[in-house]
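Notes follow once the structure below has been shown.
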Amino acid sequence: MDEAQKLNVPVMAELAAKNESPEILFWVGCAGSYDDRYKKVTRAFIKILNKLNISYAVLGTEETCTGDPARRAGNEFLYQMQATANIQVLDGYKIKKIVTTCPHCFNTLKNEYPDLGGNYEVTHHSVFLQQLIDEGKIKVKDGGSFKGKKITYHDSCFLGRANDIYEAPRKVLEEMDAHLVEMKNCRSQGLCCGAGGAQMFKEAEPGAKEVFEKRTSEALATGASVVASACPFCMTMLSDGIKNEEKESEVEVRDIVEIVAESLNL
Amino acid sequence: MAYLQQIIFLLILGTAGYFLWKRIILIRNNIRLGKNLDRTDNHSERFKSMLLVAFGQRKMFKNIIPAILHLFVYVGFVVINFEVLEFIIDGLAGTHRIFAPYLGGFYNVLMNIFEFLAVSVLAACAVFLFRRNVLRVKRFTQPEMTSWPLLDANLILITEIVLMLAILSMNAADQVLQTRGVTGYVFTGQLVFSGFLVPGFDGLPAGWLVFIERFAWWFHIIGILGFAIYVTWSKHLHIFMAFPNTWYSDLTPMGKMENMDSVTNEVKIMLGLTTDGAAAQAPEEIGRFGAKDINDLTWKNLMDAYTCTECGRCTAECPANQTGKKLSPRKIMMDVRDRTEEVGNSLVKNGKGFDDGKSLLGDYIIKEELNACTSCNACVEACPVLINPLQIILEMRRYIAMEESGSPAQWNIMFQNIETSFSPWKFAPADRFNWAKE
């Protein structure tokens, strides 16, 4: 992990001590911080931010759960405790812009924190990457390692229906010269991975099968060798589904930011 | 004697109007059992939403075959209402086809359009009956679609077919009477669709034809009036409710949950953040947290329930339902309406403030249904009239979590983890930044 050790991640508190204020806060999220698989996504995003010399910082140990899972499970009290505390930290650093790699954090920070006085310009990494591509800051020479690869994109409910973001992640993948194929249910009719609404944190209710099994079979039916996602929970559910089908040697689940980083040889 | 028919007509119209009015008031009061919610803002966006979604049927066109069939019935319903206007004026004034002399040749064009629509409505309803009862399209045969909801659906379709047949028979008889020059039967010109029925009426004596024509006329107008009253008990109420419901729809992104201001006050007090203003206005009748019964929901949630036409697009798109879980967003809406009617009727009977000892949670909707929701918004996206079942589900989860502490055990553990480790998983907060060093 030599390369990883070189990862230089600016932390808000340290910059503030030096009287510096970065342009953007990267909100990592709990999955991006603790989940072994999603940590790789976090690191891939950091590599891109560093490579492009973007002025950013993370909260490090000062970051806490946005409160989304508590809120969706009905515990409004706990949600508001988290949100109010987070807003104090964010406002303490006078943060204006936030980018995050988690659609759940994104939705809560963008749509729900304003009700509690937290107003920020919040961007999900899919839109952030698309903007970098549009500005010409990300250019993939000769297509990169995903050129011509059959990729299917799984819409996260909290990006898609919840916030109307369908095209940005697809444009990013097209820019990588990937051969994009759609699942039977996509965009506004995309099927959930099964983890939203705090389902990630409990067993599913009794039923005929798991939601992630159904979604996985839709993904596998496309014949794609890569299932692209843009959400930590979707990634977990689809990876589990593919393992269940014993297809993990043929099909991999990758976050769009990993695909971009790899195409850039980062 | 000359005025007898007009008097009878006026009596029928008045009686129908009275019962219809009573139902409208009751439903309006029932919707007002819900909690306050301000939806008076942004008139231009609201108008656009109503115009595109209700009037323009935009969301129907995700599924093209039912969309076209539904469009026939919808346009038929809207346009044929102009003919009903003529019926009512004729009924009150004792005239026959009062518009004909004024509109001249255009009356013939209009009548032919009406007939075309009548035939379209008839055909579409026949196909709908076939889809429901023979093809048994899945969303029409799920567990909540038995007994009354099933009968209701079929009654609506059959009634519409019968009403259209009445119009066509009336016009056919009328045409034969016109050609025979019977007094009172003004010339309408050739009517194409009822023209196909003319051979069946041609050989009948004039007396019979007048009887058929009059019978069909009375049958149609009484049928329409009766249907209008019936609709207030039926899922078919969407023909009216779709308009206010799209007007008052939620204009914020689907992902946003409504903030609970009552909780905000408490949180601020706990964190020592209260300003004097907030403390002063603090505990004004908080009621309960979340929703146990219909009066804990907002009036818009209840309006949603009255708007639901039980088409089941929400349930068909629901990932939980697709994988065999108990949750069906349509059933949530049907339960809310049934319970609202029950509460409303009980208040009329027993007076204001009466508690019948039942509630939406438990007696209608159980936790297993609510716990299966992934909050994916597929149901919200699917609804052609902008109903939001998700809001109701989440509101009921709030009650279970905050008033009963009755959430699933694994969620309670997740809550604890957030409280103690600031993450839904039990990891040490000090390790949160380790990813950068690994």
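Points worth noting:
- Summed over the range B:419-438, the residues that are farther than 16 Å from A:GLU203 by Cβ, within 7 Å of chain A (Cβ to nearest Cβ) and modelled with pLDDT of 95 or more give a count of 9.
- Set A:ALA162, A:ALA230, A:ALA178, A:ALA208: member being under 20 Å from A:ASP35 (Cβ atoms) and either of a type in the set (A, V, I, L, M) or more than 9 Å from chain B (Cβ to nearest Cβ) (or both): A:ALA230
- Evaluation of B:ILE387 against the conditions (1) in a helix (DSSP H, G or I); (2) more than 8 Å from chain A (Cβ to nearest Cβ) shows that the sole unmet condition is (1).
- Any chance B:VAL176 is over 29 Å from the mean Cα position of the chain (by Cα) and farther than 20 Å from B:CYS314 by Cα: yes
- Within the range A:168-222, the residues that satisfy the criterion of being surrounded by fewer than 20 Cβ atoms within 10 Å (Cβ to Cβ) and either hydroxyl-bearing (Ser, Thr, Tyr) or assigned to a strand (DSSP E or B) (or both) are A:HIS179, A:LEU180, A:VAL181, A:SER188, A:SER217, A:THR222.
- The range A:122-145 - residue that is in a helix (DSSP H, G or I) and in contact with a strand residue (DSSP E or B) (Cβ under 7 Å, 6 or more places away or on another chain) and, of those, surrounded by the most Cβ atoms within 10 Å (Cβ to Cβ): A:HIS125
- Flag if B:ALA291 is at pLDDT below 95, in contact with an Asp or Glu (Cβ under 9 Å, 6 or more places away or on another chain) and not in a helix (DSSP H, G or I): no
- Single match in A:THR108, A:THR100, A:THR84 (criterion: touching a residue at least 60 places away in the same chain (Cβ under 8 Å) and within 14 Å of chain B (Cβ to nearest Cβ)): A:THR100
- Residue selected from the range A:252-262 under the condition part of a helix (DSSP H, G or I) and either touching a Phe, Trp or Tyr at 6+ places or on another chain (Cβ under 7 Å) or not aliphatic (A, V, I, L, M) (or both), by the criterion farthest from A:THR101 (Cα to Cα): A:GLU262
- Going through (1) modelled with pLDDT of 95 or more; (2) in a loop (DSSP other than H, G, I, E, B) one by one, B:LEU237 falls short only on (2).
- The residue pairs whose first member lies in the range B:179-191 and is touching a residue at least 24 places away in the same chain (Cβ under 8 Å), whose second member is part of a loop (DSSP other than H, G, I, E, B) and not acidic (Asp, Glu), and whose beta carbons are closer than 6 Å, counting only pairs six or more residues apart or on different chains, are B:GLY184/B:HIS96; B:VAL186/B:ARG97.
- Any hit, the range A:244-251, residues being in contact (Cβ under 8 Å) with a residue 24 or more places away in the chain and part of a helix (DSSP H, G or I): yes
- If you go through the range B:78-94 and keep only what is within 20 Å of B:GLY226 (Cβ to Cβ) and of a type outside the set (Phe, Trp, Tyr), you end up with B:VAL78, B:ILE80, B:ASN81, B:GLU83, B:VAL84, B:LEU85, B:GLU86, B:ILE88, B:ILE89, B:ASP90, B:GLY91, B:LEU92.
Condition check ((1) assigned to a helix (DSSP H, G or I); (2) crowded, with 18+ Cβ neighbours inside 10 Å; (3) within 14 Å of chain A (Cβ to nearest Cβ)) across all residues:
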{"position": "B:ALA172", "(1), (2), (3)": "yes, yes, no"}
{"position": "B:GLN175", "(1), (2), (3)": "yes, yes, no"}
{"position": "B:THR183", "(1), (2), (3)": "no, no, no"}
{"position": "B:ILE269", "(1), (2), (3)": "yes, no, yes"}
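- Only one entry in B:GLN410, B:GLN416 is at the interface with chain A (Cβ under 9 Å from one of its Cβ atoms), assigned to a helix (DSSP H, G or I) and surrounded by fewer than 19 Cβ atoms within 10 Å (Cβ to Cβ), namely B:GLN410.
- Residue under evaluation A:VAL28, criteria (1) more than 7 Å from every other protein chain (Cβ to nearest Cβ); (2) within 30 Å of B:SER405 (Cβ to Cβ); (3) of a type outside the set (Gly, Ala, Ser), criterion not met: (2)
- Leading residue by the ranking (modelled with the lowest pLDDT) among those in the range A:1-16 that are in a loop (DSSP other than H, G, I, E, B) and within 8 Å of another protein chain (Cβ to nearest Cβ): A:MET1
The values are calculated or read from the model by the stated rules, or taken from the named source; none is laboratory data. All values reported here derive from a predicted model rather than from experimental measurement. Heads up, the Cβs are rebuilt from the backbone with ideal geometry, glycines too, and the neighbour counts pull from every protein chain shown.
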